[in-house]
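K.L.:
The structure that follows is given in the form of structure tokens.
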Number of protein chains: 2
Amino acid sequence: MFENLPAQIKVVEVGPRDGLQNEEKNIPTADKVRLIEALAATGLKNIEVSSFVSPKWIPQLADALDVAGALNLPDVNKSALVPNLKGYERFKEAGLNQVALFMSASESHSKKNINKSVDEAFVALAEVCDLAKRDGYPVRCYVSVVFECPYEGTVSPEQVTRITERLLSMGIDEISLGDTIGAATPNQVIDMISRVARHCDLDKLALHFHDTRGTALVNVLAGLESGISIYDSSLGGMGGCPYAPGAAGNLATEDLVYLLHGIGCDTGIDLDRLVDAGLLAQELLGKKLPGRYLGAALGKRQKGCPAVESCADNSGSVVR
Amino acid sequence: MFENLPAQIKVVEVGPRDGLQNEEKNIPTADKVRLIEALAATGLKNIEVSSFVSPKWIPQLADALDVAGALNLPDVNKSALVPNLKGYERFKEAGLNQVALFMSASESHSKKNINKSVDEAFVALAEVCDLAKRDGYPVRCYVSVVFECPYEGTVSPEQVTRITERLLSMGIDEISLGDTIGAATPNQVIDMISRVARHCDLDKLALHFHDTRGTALVNVLAGLESGISIYDSSLGGMGGCPYAPGAAGNLATEDLVYLLHGIGCDTGIDLDRLVDAGLLAQELLGKKLPGRYLGAALGKRQKGCPAVESCADNSGSVVR
């Protein structure tokens, strides 16, 4: 354990999209921009800033073009979710860097989520992908419910392998495999990755865990042991779980970074500044976020702990 | 990873003591008894039921004798915290099965917690231990802050090894090594256990993790990989963190059990009944508890999910 971990980890911050789209409160455009700037100030180099899904479905992110237009972060790879050709037209106006597509690994989830079979989803996805590649954009694709589907139960690694191969053959640059309902345990992660890796380049795979049952970080550990070096997370764990009201959803970025730094993986992220950003997010959303590290660090700050800097330092070693 | 895990795990439930002593609300004796009975109904065989620390310090557990007297659970190993000879006299009246002692691994934490140096703590502890062994009681000892001390920073594995050896030489049957402020990362756990194991029998060691920074389960995984088969946890994560108000404290028993079942370790515990007990604890304390699995399972129940039984089943594999 911990003998051959990737030294450098790419953290993809999905809070401004995957987080905010699942929060009840709709926050103003200027505040979204402040939040994204606070995230960039932590050293995060990959941020999903919004979504071009129809505002009819995701009213919280109806201002995607305005948010994108207000951002001036040349060092950050800024992506946005693109569901179809219409969304792609808006994406191109936005001046962002990376297209993010999405699909499901199970037929039932695909039908419920986008009213398409998996094969139909591939057709729609290829249309956008071809244009994006032609226009020179890198393309990422989320694959939902790769371990457990809320309608079908366990998804087979063979199905996930077929989908991953097909996405790579379309020229997609990065595939984010999602444990959408947060039900996987680390043995499943190791098994899945070992099978997918027989056919795919590990460097193109990202893992996207939810902390619904507390297993997000043990699954990250399994991913690291399997050689995966890209992980998605959401500031403070913004977003919740659409399948269980009140439950935790996305893995919190601070929890991920605390673990990674503790076991010696570099992220380029300043954990104390992440806490600043998390505090801002709590203020904007008017609620406590579920991230564990955030709660501990803010608890210490509120208590007026004189050693607050070292409480939330990057080393993960000394906490007074 | 996961190749040589212990097949059978002993879970020590500390909620009625370590949990309730840190909750603001003082719940009536009869409700404590109901809660302990609900825990026993899950299949838990080791429950710390109360504390004989002076009611002046822990008023929440002033009714330890009454709680113990009302319990009729012959199949459960019922322990209680015993701080000194006076507490031991009360323990003997209570009809419980196991004495639980406690000390700190760092000088500063020991001074702040019990106003004794580590050496002075050993003297007081040996007095109780000798009597308890003479009277035929098994003895467990908690060692606090074995990884990080809130006053001194990192605690050396050599110090923890010395303490562990000395406790075992006194005849103590089980030593629970505690990450009291929830700051350890799994590399520290592996390093610590590998050093302690050179001098001690692994079967006598338990691990007690806090989820303050989200690392409790990754540390359990590191403990499992290191061959430790006894883990402490608290129903729903009752107890909070005394060092950071509002932050998470004890590892939640449901999160632990979900992970263990998922990776194929047997616990003898019914996860769905744990959720029942967690719901009762929330009702008695009048608040939402921080455990992740509990929040997800109760969210599903509230939503009226028809597949609630399989949502919270023991296999940890299929969640609809």
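K.L.:
Which ones in the stretch B:153-183 are over 15 Å from the mean Cα position of the chain (by Cα) and either at the interface with another protein chain (Cβ under 8 Å from one of its Cβ atoms) or among the polar types (S, T, N, Q) (or both)?
P.N.:
B:G153, B:T154, B:S156, B:Q159, B:T161, B:T164, B:S169, B:A183
K.L.:
So which residues in the stretch A:99-122 are touching a helix residue (DSSP H, G or I) at 6+ places or on another chain (Cβ under 7 Å), under 17 Å from A:R162 (Cα atoms) and without any contact (Cβ under 8 Å) to a residue 12 or more places away in the chain, if there are any at all?
P.N.:
Listed by number, the residues that qualify are A:S110, A:S117.
K.L.:
If you don't mind, there's one more thing I want to ask. Determine which single condition B:S51 fails, assuming it passes every other condition in (1) in contact (Cβ under 8 Å) with a residue 40 or more places away in the chain; (2) hydroxyl-bearing (S, T, Y); (3) closer than 23 Å to B:C141 by Cα.
P.N.:
It fails just one condition, (1).
K.L.:
Condition check: under 23 Å from A:A64 (Cα atoms) and either assigned to a strand (DSSP E or B) or modelled with pLDDT of 95 or more (or both). Does A:F122 satisfy that?
P.N.:
Numbers: under 23 Å from A:A64 (Cα atoms): no; either assigned to a strand (DSSP E or B) or modelled with pLDDT of 95 or more (or both): yes.
It is false that A:F122 is under 23 Å from A:A64 (Cα atoms) and either assigned to a strand (DSSP E or B) or modelled with pLDDT of 95 or more (or both).
K.L.:
Does at least one position in the stretch A:207-219 carry a residue that is basic (K, R) and surrounded by fewer than 24 Cβ atoms within 10 Å (Cβ to Cβ)?
P.N.:
no
K.L.:
Here is a further query. Hey, could you check the stretch A:88-108 for residues that are of a type in the set (G, A, S) and within 20 Å of the chain's Cα centre (by Cα) and say which is nearest to A:D135 (Cα to Cα)?
P.N.:
Of everything passing the filter in the stretch A:88-108, A:A100 is nearest to A:D135 (Cα to Cα).
K.L.:
Residues in the stretch B:200-213: is at least one under 13 Å from the mean Cα position of the chain (by Cα), within 11 Å of chain A (Cβ to nearest Cβ) and part of a loop (DSSP other than H, G, I, E, B)?
P.N.:
yes
K.L.:
Turning to a different aspect of this structure: Restricting attention to the stretch A:122-161, report how many residues are within 24 Å of A:E93 (Cα to Cα) and among the hydrophobic types (A, V, I, L, M, F, W, C).
P.N.:
The initial filter retains those residues of the stretch A:122-161 that are within 24 Å of A:E93 (Cα to Cα), namely A:123-142.
Then drop every residue that is not among the hydrophobic types (A, V, I, L, M, F, W, C), which leaves A:123-126, A:128-129, A:131-132, A:139, A:141.
Total satisfying the criteria: 10.
K.L.:
Take the stretch A:225-245 and flag every residue that is part of a helix (DSSP H, G or I) and either surrounded by 24 or more Cβ atoms within 10 Å (Cβ to Cβ) or of a type in the set (F, W, Y) (or both). Spell out how you get there, then give the answer.
P.N.:
To start, the set of residues in the stretch A:225-245 that are part of a helix (DSSP H, G or I) comprises A:225, A:235-237.
Once the filter is applied, which keeps residues that are part of a helix (DSSP H, G or I) and either surrounded by 24 or more Cβ atoms within 10 Å (Cβ to Cβ) or of a type in the set (F, W, Y) (or both), the stretch A:225-245 yields A:L235, A:G236, A:G237.
K.L.:
Counting only residues that are surrounded by fewer than 24 Cβ atoms within 10 Å (Cβ to Cβ) and among the aliphatic types (A, V, I, L, M), which one in the stretch B:184-195 is nearest to the other protein chains (Cβ to nearest Cβ)?
P.N.:
The residue in question is B:I190.
K.L.:
Another question, then. Looking at (1) over 18 Å from B:R134 (Cβ atoms); (2) β-branched (V, I, T); (3) at pLDDT 95 or above, which one does B:I58 not meet, given that it meets all the others?
P.N.:
Going through (1) over 18 Å from B:R134 (Cβ atoms); (2) β-branched (V, I, T); (3) at pLDDT 95 or above one by one, B:I58 breaks only (3).
K.L.:
For the condition at pLDDT below 95 and facing another protein chain (nearest Cβ under 10 Å), what is the one hit in B:A222, B:A216, B:A252, B:A247?
P.N.:
B:A247
K.L.:
Let me confirm something: among B:L81, B:L96, B:L125, which residue is under 20 Å from B:G178 (Cβ atoms), in contact with a Lys or Arg (Cβ under 7 Å, 6 or more places away or on another chain) and in contact (Cβ under 8 Å) with a residue 40 or more places away in the chain?
P.N.:
Details: B:L96 fails: under 20 Å from B:G178 (Cβ atoms); B:L125 fails: in contact with a Lys or Arg (Cβ under 7 Å, 6 or more places away or on another chain).
None of the others qualify; the one that does is B:L81.
The values are calculated or read from the model by the stated rules, or taken from the named source; none is laboratory data. Everything quoted here is computed from the prediction, not taken from an experiment. Please note: Cβ atoms are built from the backbone with ideal geometry, for glycine as well, and neighbour counts cover all protein chains shown.
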